[in-house]
Amino acid sequence: MQQDAKGYHPMLESGKAPKNVYLLLAAESGDFERVVELLAAGADPLVKNQQGKNALQLADRIAIRTRRVLAAAIREAAAQAAAAAAADC
């Protein structure tokens, strides 16, 4: 489901849905600036949609810079999760 990039901006500004949902929408629509903004605001790059795809997988058909920033965020989130799991042991 390809979303119109402008269509979700008012929803994001309303604060009615989690930023993770908007990260998936921004990634799918190729909105690089919004992806960066959402990641900086704490959106989880590991979250998956109902089809089991994360933002990087949804960004498969779009600009390489969006894919790079999402890949870096996923690596960082995975490293933080591993560190947290190791600390719990």
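Key figures
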| item | result |
| --- | --- |
| Pick from the stretch 59-89, criterion of a type outside the set (Val, Ile, Thr) and in a loop (DSSP other than H, G, I, E, B), ranking: nearest to Tyr22 (Cα to Cα) | Ala63 |
| Among the candidates Leu38, Leu24, Leu46, Leu56, residue that is at pLDDT 85 or above and not in a helix (DSSP H, G or I) | Leu46 |
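The values are calculated or read from the model by the stated rules, or taken from the named source; none is laboratory data. Predicted model, so just to flag it, every value in this text is computed and none were measured.
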